[in-house]
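Here the structure is laid out as structure tokens; the discussion comes afterwards.
The values are calculated or read from the model by the stated rules, or taken from the named source; none is laboratory data. None of the values given here were measured: they were computed from a predicted structure. Cβ atoms come from the backbone with ideal geometry, glycine included; neighbour counts cover every protein chain shown. Side chains included, ligands, DNA and RNA excluded: accessible areas come from the protein's heavy atoms. Shrake-Rupley method; radii C 1.70, N 1.55, O 1.52, S 1.80 Å.
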Amino acid sequence: MDTMRPVIIAANWKMNTTPADAGELARTIAGRTREPDVLRVICPPSVCLAAVRDAVTGEGIGVGAQNLHHELAGAYTGEVSAPMLAGLVTWVILGHSERRRDAGETDALIGRKLGRAVEAGFRPILCVGELLDDRESGRATDVVRIQLAGALDGHDPATLRAAGLVIAYEPVWAIGTGRTASGADAGAMADAIRAALRDAGWGSAADDVPVLYGGSATSANIAEFLAEPGIDGALVGGASLKPDEMAGMVGRAAITAAARRAAGA
Ligand code: PEP
């Protein structure tokens, strides 16, 4: 049932903010987005996690990392592991296309990170999405299915479901470009993602997995995505650094959450 799924607005601050200004930005966003029915998550750079955690204490906002390492400790210069994030985060983004592109992350590696996230008790947001060429040549769904299968291989569906797995559908050509997918295409991909989960042995539990849209989402276009019954919110990059934008997006998400609650009542 759609009504069982939360409506989520997750902010990916990417490599923006510093420990000196992240807390203030998070506090401002918290104060402008108090909608109890919307699950809000802020994912700042790792060096800003403590500042953001402290700034949003008591606000009901989740704090997330943008990545974690697939090993627990060792000779991995510059990396951050799950045990290092304990006490700082309750969420983690995995497999973001910028990490696939810049750090060469493969589906198999992302799958190992997923295991670490679940072990640590972090709620994972697993990112998938096709390149423009894939979309234009009609391969978008196949690409996303392969990404999902690769990352989820070997993971027990019940364990991932209990961990609260969230999938973010982020067409790569829409990230940071000002270009977006259509609501209908995003909704169709959300359906395809849940169908892939069902095929992978999830059964009806696939219907409980939140699917977010990501890719140049703003307060001006988010309604188109939230109007899709299969889309449960957004993973937002650039616009998530602007309190006005966050207020607009969370406000619109609250309308969807209320409508779903009313439909389920
Ligand atoms: C993202 O970083 O996940 C993202 C969707 O970025 P943007 O909103 O800037 O396209």
Please tell me if Asp102 is of a type in the set (Asp, Glu), within 16 Å of the ligand (Cβ to nearest atom) and open to solvent by 30 Å² or more (accessible area, probe 1.4 Å). yes
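Table: residues versus (1) under 15 Å from Glu130 (Cβ atoms); (2) crowded, with 17+ Cβ neighbours inside 10 Å.
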position	(1), (2)
Thr141	yes, yes
Arg145	yes, yes
Thr159	no, no
Tyr169	yes, yes
Arg194	no, yes
Gly201	no, no
Asp207	no, no
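Give the residues of the stretch 28-48 that are aliphatic (A, V, I, L, M) and closer than 19 Å to Cys127 by Cβ, sorted by residue number.
Of the residues in the stretch 28-48, the ones aliphatic (A, V, I, L, M) are 29-30, 38-39, 41-42, 47.
Matches in the stretch 28-48: Leu39, Val41, Ile42.
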If you scan the stretch 234-260, which residues turn out to be farther than 15 Å from Arg34 by Cβ, in contact with a helix residue (DSSP H, G or I) (Cβ under 6 Å, 6 or more places away or on another chain) and among the charged types (D, E, K, R)? Glu245, Arg260
So the check is Cβ under 8 Å with 6+ separation or different chains; which pairs have a first residue in the stretch 175-204 that's in contact (Cβ under 8 Å) with a residue 12 or more places away in the chain and a second one that's open to solvent by 30 Å² or more (accessible area, probe 1.4 Å) and among the aromatic types (Phe, Trp, Tyr)? Arg179/Trp173
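Can you tell me which residue among Gly164, Gly138 is more than 16 Å from the ligand (Cβ to nearest atom), free of Cβ contacts under 8 Å to residues at least 24 places away in the same chain and part of a loop (DSSP other than H, G, I, E, B)?
Working: Gly164 fails: free of Cβ contacts under 8 Å to residues at least 24 places away in the same chain.
Just one listed residue meets the conditions, Gly138.
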Of all the residues that make up the stretch 1-57, how many are open to solvent by 70 Å² or more (accessible area, probe 1.4 Å) and within 16 Å of the ligand (Cβ to nearest atom)? 1
Which number in (1) free of Cβ contacts under 8 Å to residues at least 12 places away in the same chain; (2) of a type outside the set (A, V, I, L, M); (3) surrounded by fewer than 16 Cβ atoms within 10 Å (Cβ to Cβ); (4) away from the ligand (no atom under 13 Å from the Cβ) marks the one condition that Gly121 misses? (1)
